[in-house]
Each structure stands twice: as structure tokens, then as C-alpha cells.
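The structure under discussion appears below in the form of C-alpha cells.
The values are calculated or read from the model by the stated rules, or taken from the named source; none is laboratory data. A quick note: this is a predicted structure, and the numbers were derived from the prediction, not measured. Here the Cβ is made from the backbone with ideal geometry for all residues, glycine too, and neighbour counts use every protein chain on show. All accessible areas refer to the heavy atoms of the entire protein, side chains included, with ligands and DNA or RNA removed. Shrake-Rupley method; radii C 1.70, N 1.55, O 1.52, S 1.80 Å.
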Amino acid sequence: MSDHHTTVSSKSSTLPVSLAEAKTHLRLANDELDEEVAAALEAAVEYCESVTGRTLRDTSTLVQSYECWPEEVYFDREPVLSVTHVKYYDVNNTLQALDSSYYRLHRQSETASELEWDALTFTYPTHYTRDDAVQITYTVGYSEVPATAKHAIKLALRLYFGDLTDREEGPIRRSCEDLLR
């Protein structure tokens, strides 16, 4: 399998836990700390996403880049909603889009999706030598984030908002990770 790297090209600003829910969880009644709470909430969501390898928003778009054509493509983030396109740099270093008839998204389960090449019609085009010679753009997200993930986000919010001691931080982090399993 080819080495690859993944970048987030866009992510929804709609978080699975609202600012109002976060403030209620933190027992904050006024609006004077809204910016700090919003920043801590974003960090809590990102933390939970990194623990699960899943995007816990309604949508995010990612680009998985390869040095050469990968034989197998498993996605770094789930749940995959769609593959937007596959592009590659041809021998002239010009970005080309691959016709979507040459690949399809195969969902093996809720936790694993794979991009399959059409074995009958697809042959790997020659590409330019570069780190991002082949780029697969895909969309991930939830229409409804699981309740346990929302609860974990609220717990993680305490890691990023407030003054926790090391002794307090460990149990909260473990509880978040337990919920997210």
C-alpha cells in the first residue's frame, strides 16, 4: 500500500454540540465568555475526532494524497458519504480528473469504507513524480452524531475550558476515550 497523507480541505462550522448546550454543561449563564467557550468546544470536537478517527460534524471534505497509484484505498476518516473525485498529475504535471466510471465507493461496514478500482476497465495512468501525484477527495460526516459522542464532547470540553489539575484531567480523558470506543 502506498504511503499517503490526508488534509482537511473544508469542514462544517456546525458542531454536534451547540454553544448553548456547551454553556449549559459548563453552567455558564451569561455571554461574556462565549468566544472562549466556542474555541474550547472546537478543540473538544477535534480531540474526539482524533480519538475516533471519525468526523463528528455533519460534513467535512478531505483529500488523501499518494505518491503513486494505490492498489488499495482505505479512508483515514469515517463515515465516508461520497467520493467527490479522483485526480492525478499526468506526465506533463497537469492535474487530470479520472472518470468516475473507473472507481466506486464500497462501504464494508459503518466503520470501514474502501475505494475500489474497476478491475475490468481501469489501468493506472502514468503520473508525474511528486508527493501528491494521486489525490482522492471525499466527504465524511453524520446526519445525526451518536449520543455517546456528544456526551464525550461535553466531557472533553472540560479539558479545554477551565483550570484542571493533572489529577483531574486524567480521569476525564479516560472517560472520554471509553465513551468513544
Study note, to complete from the structure: Among (1) more than 16 Å from Ala152 (Cα to Cα); (2) within 15 Å of the chain's Cα centre (by Cα), Leu95 falls short only on (2)
Practice item. Could you look through the range 1-13, keep only residues that are assigned to a loop (DSSP other than H, G, I, E, B) and open to solvent by 80 Å² or more (accessible area, probe 1.4 Å), and pick out the one that is nearest to Arg158 (Cα to Cα)? Key: Ser13
Check your understanding: Do any residues in the range 126-150 that are open to solvent by 20 Å² or more (accessible area, probe 1.4 Å) have Cβ atoms under 9 Å from those of residues that are among the aromatic types (Phe, Trp, Tyr) and assigned to a loop (DSSP other than H, G, I, E, B), where the two are at least six apart or on different chains, and which pairs are they?
Key -> His127/Trp69
Practice item. Restrict the check to the range 119-133 and report whether at least one residue is in contact with a strand residue (DSSP E or B) (Cβ under 9 Å, 6 or more places away or on another chain), acidic (Asp, Glu) and not in a loop (DSSP other than H, G, I, E, B). Key: no
Review point. Within the range 67-97, can you find the residues that are out of contact with any Lys or Arg (no Cβ under 9 Å at 6 or more places or on another chain), in a strand (DSSP E or B) and either open to solvent by less than 40 Å² (accessible area, probe 1.4 Å) or not aromatic (Phe, Trp, Tyr) (or both)?
Key: Val73, Leu81, Ser82, Thr84, His85, Val86, Lys87, Tyr88
Review point. Of Ala39, Ala29, which residue is hydrophobic (A, V, I, L, M, F, W, C), surrounded by fewer than 15 Cβ atoms within 10 Å (Cβ to Cβ) and in contact (Cβ under 8 Å) with a residue 40 or more places away in the chain?
Key: Ala39
**Study point:** When residues of the range 151-177 are limited to those that are under 24 Å from Thr55 (Cα atoms) and among the acidic types (Asp, Glu), the one surrounded by the fewest Cβ atoms within 10 Å (Cβ to Cβ)
**Key:** Glu169
**Study point:** Pairs where the first residue, in the range 98-114, is closer than 10 Å to Val83 by Cβ and part of a strand (DSSP E or B) and the second is at pLDDT below 85 and open to solvent by 90 Å² or more (accessible area, probe 1.4 Å), C-beta under 6 Å, 6+ apart
**Key:** Ser113/Arg107
